[in-house]
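Asks: I'd like to ask some things about the structure below.
None of the figures in this text is laboratory data; all of them are computed from the coordinates on show. Every value quoted in this text rests on a predicted model; they were computed, and no experiment measured them. Neighbour counts are summed over all protein chains in view; Cβ atoms, including those assigned to glycine, are modelled from backbone coordinates with ideal geometry.
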Amino acid sequence: MRKKWAGYTVAFSLCMSLLAPAGQSRAADVSVRVTLPDFAVNLNGHTVENQYREYPLLVYRDITYFPMTWYDTRMLGLEATWSPDDGLNIKQSRVTSTYVPYKSERRNAAAYAAEVPASAVTINGKAIDNTKEEYPLLSFRDVTYFPLTWRFAHDEFGWDYRWSDTGGLSITSHNPQLQTAPLPAYAGENDVALFKGYYYFVETTDTTNHVYRAPVRKPSDKEEIYSYNFYSTDMLPKVVSFQIRDNTLWFKYHLGGGFVGSDYFVKIGDDGKAELLRHGYLNFRDTPYGTLIVLQGASAFEGGNLYLSPPGQDDANRKRVGDPKLMYAVKYDGTWSLGPNDEVSYTAIVGDDVYILASRSDSDANKIYKINLKTNKTEKIVDSSVSRFRMLDNKLYYVKDEDNALYSSALDGTDEIKLSDHAVSWFDSIDGNVFYTTKKEGNRFELYQADPNREDPLVWTTPVASVQVANDRLVCRFGENDDYGVVLLDGSGRLLLSVADPISHVLTSDEGILLESARDSSVEFIR
């Protein structure tokens with residue numbers, strides 16, 4: 001997308017000439033001489049390399065100008081929009097970006113000609129007559145250049161503005177900044193996690209996966225905490241996925257094929273020691289009475305695939321719980337849930353009780369049951385087929401198969417309420433508000449807030465690629481061709497921050513938001 005890579009291209013003279021009605025005239029653009037800085041320029045801690053930059057900083061009348069490219073503006077907390085009626089509108093906004101160097105193979109000359117566009121400009125809602133400005137906006141290589149004067153940089157945008165003969169010019173904005181994790185370049189080929197002050201990542205050497213952790217404050221001090229060998233014939237042998245379970249970090253990998261292979265679950269202690277605790281096609285949840293284990297795979301369709309492993313004992317001593325004739329956490333269409341987060345869609349633990357998705361027959365499939373771990377009493381709570389459910393705010397929330405709508409009920413299944421106006425693909429709750437997505441064309445989804453008292457409001461106007469709740473924020477990820485890679489929303493659906501960089505994954509983190517760049521697989525962190 002040219003706009004995102006080459007910059008916010010507002011070619012004033014071109015746009016105005018194309019947009020002006022026939023017969024009207026406007027003031028002509030003026031050509032002026034500009035030079036490259038002969039001093040250091042630092043933007044938010046990044047030293048700008050001007051000699052081989054496609055859009056270098058410029059100097060005009062002893063004032064430094066910076067290019068209003070897509071990433072440069074958003075790194076400094078600015079957005080620029082263009083309309084034929086109002087011209088260029090520049091304003092502070094809740095945006096951010098990594099620093100993009102815009103490297104070029106061509107060395108820049110010492111001086112160039114730039115244009116002073118005679119066009120309408122609005123800065124933070126204030127109209128600017130560019131033809132009368134002592135330090136006007138300029139146009140160079142089809143990109144608008146903005147003067148870093150005290151008036152604009154400090155007074156309008158509130159940036160820290162410093163100059164010294166030895167250090168040159170330093171500009172620091174106060175919008176949130178993305179921090180690039182100094183991890184090995186190939187760490188981005190696999191999952192990465194941030195947990196309790198450490199980065200966790202994977203490096204592959206020949207047919208061995210090495211799992212490392214490194215302190216955030218000193219990433220060079222990495223230590224290997226686990227390794228395993230694999231065969232090239234294994235299904236997805238290099239893939240490692242991290243997950244936080246009950247304030248503990250785990251990771252999972254797979255060895256072997258689809259039917260004869262196995263998932264391996266490894267727990268990481270606070271001291272960094274990694275211990276392989278379980279393997280097989282299964283999932284598990286901690287309870288006050290030990291670990292609840294749901295066997296998956298072909299054997300699950302025989303029923304009675306729910307077990308409890310007593311605390312501190314080997315899984316060999318596990319005992320069967322619940323009705324042995326039920327098939328637990330099995331979708332009756334012949335599939336079952338896999339993946340690091342699937343357990344939240346079919347099990348919940350409340351005190352002595354386990355709530356779980358289970359099937360008895362083709363006509364009695366995918367219902368919500370409650371099992372008391374003390375008495376082993378098993379009772380059906382929701383007598384409707386559901387695709388998934390969650391426990392939120394001490395209530396049951398579930399999506400019915402009959403209409404794909406979202407419902408809620410009390411823990412005993414009474415007081416059922418329909419919550420959504422649309423079919424539901426994903427849902428979660430934050431600050432007492434329930435949000436859900438409904439699928440549109442392709443792999444795009446619209447994000448709504450559930451409101452049983454009125455029509456559900458659309459939370460974000462642009463369809464998203466995915467949504468999740470992370471550290472008390474809604475994290476909405478978009479496609480590579482969208483304007484923004486991620487937006488962060490609060491519990492009321494209000495915008496907190498837009499991230500300009502294209503983002504391929506939202507990674508596991510117990511603080512802030514950890515993102516993988518779709519541009520170069522680098523790992524970015526934002527508080």
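Asks: What is the order of ASP501, ASP431, fewest Cβ neighbours within 10 Å to most?
Replies: Going from least to most buried by this count: ASP431, ASP501.
Asks: Need the C-alpha centroid separation for the stretch 382-416 versus the stretch 154-209, integer Å.
Replies: Using only Cα atoms, the two centres lie 42 Å from each other.
Asks: Over the chain, what is the relative contact order in whole percent, taking alpha-carbon pairs under 8 Å and six or more residues apart?
Replies: Working: 1192 pairs, mean separation 47.5, N = 527.
Here the relative contact order equals 9 percent.
Asks: What does the extension gain come out to for LYS196 and ALA109, with contour length at 0.36 nm per residue minus their alpha carbon separation?
Replies: On the way: separation 87, 0.36 × 87 = 31.32 nm, distance 4.88 nm.
Extra length available between LYS196 and ALA109 comes to 26.4 nm.
Asks: Place a point 7 Å from Cα of LEU276 in the direction of its Cβ. Which residues in the stretch 241-256 have their backbone N less than 13 Å from it?
Replies: So the set is 252-256.
Asks: Explain nothing, just compute: Karplus ³J(HN,Hα) = 6.51 cos²θ - 1.76 cosθ + 1.60, θ = phi - 60°, for every residue of the stretch 364-372 in order, whole Hz, x for Gly and Pro.
Replies: So the J values, rounded to whole Hz, are 9, 10, 6, 9, 9, 10, 10, 10, 8.
Asks: Going by average Cβ density within 10 Å per residue, which order do the peptides 111-123, 264-276 take, highest to lowest?
Replies: Numbers: 111-123: 18.4, 264-276: 14.8.
Those peptides, ordered most packed to least, come out 111-123, 264-276.
Asks: Report the FRET efficiency, 1/(1 + (r/R0)^6), for GLU441 and THR166, where r is their Cβ-Cβ distance and R0 is 60 Å, rounded to 0.05. Each step should come with its number before you reach the end.
Replies: On the way: r = 57 Å, r/R0 = 0.95.
After rounding, the FRET efficiency stands at 0.60.
Asks: Label GLU302 and ARG454 with points 7 Å out from Cα along Cα→Cβ: what is the distance between them in nm?
Replies: 5.6 nm
Asks: A further question follows. Could you give the alpha-carbon Rg of the chain over 2.2 N^0.38 Å, rounded to two decimals? Intermediate results must be reported in sequence, preceding the final value.
Replies: On the way: Rg = 28.2 Å, N = 527, 2.2 N^0.38 = 23.8 Å.
Scaled against compact globular proteins, the figure is 1.18.
Asks: Residue by residue through the stretch 298-305, what is 3J(HN,Hα) from phi via Karplus (6.51 cos²θ - 1.76 cosθ + 1.60, θ = phi - 60°)? Round to whole Hz and write x for glycine and proline.
Replies: Each residue of the stretch 298-305 in turn: 4, 5, 5, 6, 7, x, x, 9 Hz.
Asks: Note the full-extension length gain between VAL350 and ASP403 as 0.36 nm times their separation in residues minus their Cα-Cα distance, in nm to one decimal. Could the numbers behind the result be given before it?
Replies: Numbers: separation 53, 0.36 × 53 = 19.08 nm, distance 2.78 nm.
Additional length available on full extension: 16.3 nm.
Asks: From the phi angles alone, apply the Karplus equation (6.51, -1.76, 1.60; θ = phi - 60°) to the stretch 513-521 and give each ³J(HN,Hα) in whole Hz, x where the residue is Gly or Pro.
Replies: Rounded to whole hertz, the list is 10, 10, 10, 9, 6, 7, 6, 9, 6.
Asks: Between THR208 and ALA410, take the C-beta separation as r, use R0 = 56 Å, and let me know the FRET efficiency to the nearest 0.05. Please report the intermediate quantities before stating the final value.
Replies: Details: r = 51 Å, r/R0 = 0.92.
Efficiency, rounded to the nearest 0.05: 0.65.
Asks: Amide H of TYR198: which non-local residues (sequence gap of 5 or more, or other chain) have their own amide H closer than 5 Å, using H built in the peptide plane?
Replies: Result for TYR198 returns VAL216.
Asks: Scan around VAL434 for amide H atoms under 5 Å from its own, H built in the peptide plane at 1.01 Å from N, and keep only partners 5 or more places away or cross-chain.
Replies: Placed amide hydrogens put ALA450 under 5 Å from VAL434.
Asks: So, R0 is 45 Å and r is the distance between the beta-carbons of ASN317 and ALA185; what FRET efficiency does that work out to, to 0.05? Show your work: numbers first, answer last.
Replies: Working: r = 46 Å, r/R0 = 1.01.
Once the sixth-power term is evaluated, E becomes 0.50.
Asks: Taking a threshold of 28 Å on the Cα-Cα distance, which of the pairs LYS91/LYS132; LYS222/LYS252; LYS273/LYS325; LYS238/LYS325; LYS196/LYS252 fall above it?
Replies: Details: LYS91/LYS132 20 Å; LYS222/LYS252 20 Å; LYS273/LYS325 40 Å; LYS238/LYS325 37 Å; LYS196/LYS252 19 Å.
Flagged as over cut-off: LYS273/LYS325; LYS238/LYS325.
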